[in-house]
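The values are calculated or read from the model by the stated rules, or taken from the named source; none is laboratory data. Keep in mind it's a predicted model, so treat the numbers as computed, not measured. We place every Cβ from the backbone using ideal geometry, glycine too, and count neighbours over all the protein chains shown. Remember, those area values only see protein heavy atoms, side chains included, never the ligands or the DNA or RNA. Shrake-Rupley method; radii C 1.70, N 1.55, O 1.52, S 1.80 Å.
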Amino acid sequence: MQKVDESQIIKVTNPRYRQQFHISTPAGWLNDPNGLCYFKGYYHVFYQFHPYSAEWGPMHWGHVRSRDLIHWEQLPVALVPGDPEDTGGCFSGSAIVKDGRLYLIYSGHHYFGDNDQDHFWENQNLAYSDDGIHFTKSEHNPIIEAPKDNTQHFRDPKIWQKDGYYWLILGSQATDGLGRALLYRSTDLIHWENRGPIAKAKDAKSEGFMWECPDFFRIDDTDILLYSPMGIKPVAHNFLNVSSVCYQAGQLDYDQAQFNHGPFWELDHGHNFYATQTFRTLDQRRILFGWMSSFDDPMPEKADGWAGCLTLPRELHYQKGQLFMTPARELKNLRESKVASEATTLDQDYFFDYTDQQHSEQLITIDLAPNTVTKWQLTSAGKPLLTLTADQTSGEITVQQGDLKPRYAKFGGHQLRLHLYIDTSSVEFFINDGEITFTERYYADQPIQTTVSANQALPVQIKAYHLA
């Protein structure tokens, strides 16, 4: 197995944008979360990692672990590309525990050697560990080759166990140019049977030419297919990112390999959310991590020797026919002190006046009235960096991030409940108990100021905590 070249590892040169309680790399590039699991007393999160620059490059698997989902320990790189099964990269995948051993299943990426980065092929591989730190690639690799009715896009296996079988779902593009999810099953993790596509895009513009990072799980009595479709064209105020995270809910017939599902929904409405993966905690909650993506936007931290971070852990709930996301309950343990608590009338701008607002949690409940417009804003040196506006008349929430085009979501009701986490260079908005979320990055070289305001006097309850 290949090893990391320690002499070439990049270093962080400036900590100005480094996150305090989000998973990030020691230095270098980060994208998709991988291999989420619980093994031998720890939660494990792996991530796509390039240790030699702050740019996307040949993918390794970075690795952190935690006992509480909030304090993370950096571990040695788990997978390094360059072996015959992954000559061009160890792309995304997942994890499962079998007979006391931790297995990683991942995509091997390969180039044809013609200097065309878009000319590649992919297969699926296995690695294992008995201590959860040091991994060995399987002698049986590759364990899955692309089917004949597939293009070069064939990656990101997500594995689970049910009814005596191991199952996995793979992101795929059929030869007709449409994204789809392929289902496989196995009894031993090595020999896999292709059960065919369980879902497929209707057309490339509305549902994607490739479905990356698929996930499949059950919440209560509902099956969820979650994935990151590529190439969707914007429709009004929806699907405005280069790539989105979407899902369908329904029931999977395992015998017939058919997924009977409902409509196609976007999960998060922010600028910086992609490539999600979920797992179950010991108490059976479904937890999600995503990549705070910026493939299409500037990433100022690159100048400091690092790029990218993961979202905070989020609990998934299926309510009212849709997925809700709320902050994982463990995040309450980050609260060091309460720095604001009051009920007042929002008849003028309310300025949060505690120090270190860049590491805080805010809970704001506003009682709305007809024709009200409410606003939450983050500024630095007088310049607006993030603005969330809720217009009661249009029933729309708008988030503006710097000079980028805004993002939108519909909302209703007579109350606006904002729950948000601010870190050094990100804000995660959970709105109306997780019915709506926005995931956002921002970059401030001076202290920030946050305010909330409305166009008329409205009752408001405010709480805030310093996080450490």
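Please give, to one decimal in nm, the separation of the simple spin-label points placed at residue 449 and residue 134, each 7 Å out from Cα toward the Cβ. Output for this residue pair reads 5.6 nm.
Between region 208-259 and region 296-326, the alpha-carbon centres lie 17 Å apart. For the peptides 56-63, 129-136, the ranking by packing is 56-63, 129-136, with the highest mean count of neighbouring Cβ atoms within 10 Å listed first. Below 13 angstrom from the Cβ of residue 106, what's the summed charge of the other residues (Lys, Arg +1; Asp, Glu -1)? Neighbour charge sum, excluding residue 106 itself: -3.
For region 221-333, a simple Cβ point-charge model (Lys and Arg +1, Asp and Glu -1, everything else neutral) yields a dipole of about 220 debye relative to the Cα centre.
Apolar share of the accessible surface for region 398-468: 48 percent from carbon plus sulfur atoms, 1.4 Å probe.
Projecting the Cα atoms of 135, 378, 56 onto the charge dipole of the chain (Cβ charges, centred on the Cα centre) puts 378 farthest toward the positive pole. Magnitude of the charge dipole for region 278-347, about its Cα centre and with charges confined to Cβ atoms of Lys, Arg (+1) and Asp, Glu (-1), is about 500 debye.
Dipole orientation for the chain: of the candidates 462, 190, 26, 462 has the Cα lying most toward the positive pole (charges on Cβ; Lys, Arg +1; Asp, Glu -1).
Entry comment: accessible area of region 306-365 is 45 Å² per residue, from protein heavy atoms only and a probe of 1.4 Å. Just grab the label-to-label distance for residue 145 and residue 391, each label 7 Å out from Cα along the Cβ direction, in nm (one decimal). That separation, rounded to one decimal, is 5.7 nm. Phi angles of region 207-223 translate, via the Karplus equation with coefficients 6.51, -1.76, 1.60 and θ = phi - 60°, into HN-Hα couplings of 9, x, 8, 8, 9, 8, 6, x, 9, 9, 7, 10, 10, 6, 10, 10, 8 Hz per residue; Gly and Pro are given as x. Distance between the pseudo-spin-label points of residue 18 and residue 190 (7 Å out from Cα toward the beta carbon): 4.4 nm.
When a 1.4 Å probe is rolled over the protein heavy atoms, the share of accessible surface on region 176-227 that falls to carbon and sulfur comes to 48 percent. Loop-located GluC sites (Glu not before Pro) in region 37-121 (DSSP state other than H, G, I, E, B) with a sparse environment of at most 13 neighbouring Cβ atoms within 10 Å: 55. Projecting the Cα positions of 14, 264, 211 onto the charge dipole of the chain (unit charges on Cβ atoms of Lys, Arg, Asp and Glu, taken about the Cα centre) puts 264 furthest along the positive direction. Placing +1 on the Cβ of every Lys and Arg and -1 on the Cβ of every Asp and Glu, with nothing else charged, gives region 24-92 a dipole about its Cα centre of roughly 300 debye.
With helices as the sole contributors, the chain gives 0 deg cm²/dmol at 222 nm; each DSSP H run of n ≥ 4 counts as -39500 (n - 2.57), and the sum is divided by every residue.
Identify which of the listed values of Kirkwood radius over Cα pairs in Å was calculated from the structure shown: (i) 27.9; (ii) 22.9; (iii) 24.7. Comparing each candidate, only (ii) matches the computed number. Per-residue extension of 0.36 nm, minus the Cα-Cα distance of residue 202 and residue 118, leaves a gain of 27.8 nm for this segment.
FRET efficiency for the pair residue 281 and residue 348, taken as 1/(1 + (r/R0)^6) with r the Cβ-Cβ distance and R0 = 51 Å, rounds to 0.75.
In this structure residue 273 has an accessible area near 10 Å², from a 1.4 Å probe over the protein heavy atoms.
Accessible surface area normalised per residue over region 28-107 is 28 Å², counting heavy atoms of protein chains with a 1.4 Å rolling probe. Extension gain for residue 111-residue 265 works out to 52.1 nm (0.36 nm per residue, less the C-alpha to C-alpha distance). Computed extension length for residue 11-residue 218: 70.4 nm, one decimal, from 0.36 nm per residue of separation with the Cα-Cα distance subtracted. Each residue of region 359-364 was assigned a 3J(HN,Hα) from its phi angle through the Karplus expression (A = 6.51, B = -1.76, C = 1.60, θ = phi - 60°), giving 9, 8, 10, 10, 10, 10 Hz with x at Gly and Pro. For residue 202, go through the lysines and keep the ones whose alpha-carbon is under 21 Å away, minus same-chain ones fewer than eight residues off. Result set, ordered by chain and number: 148, 233.
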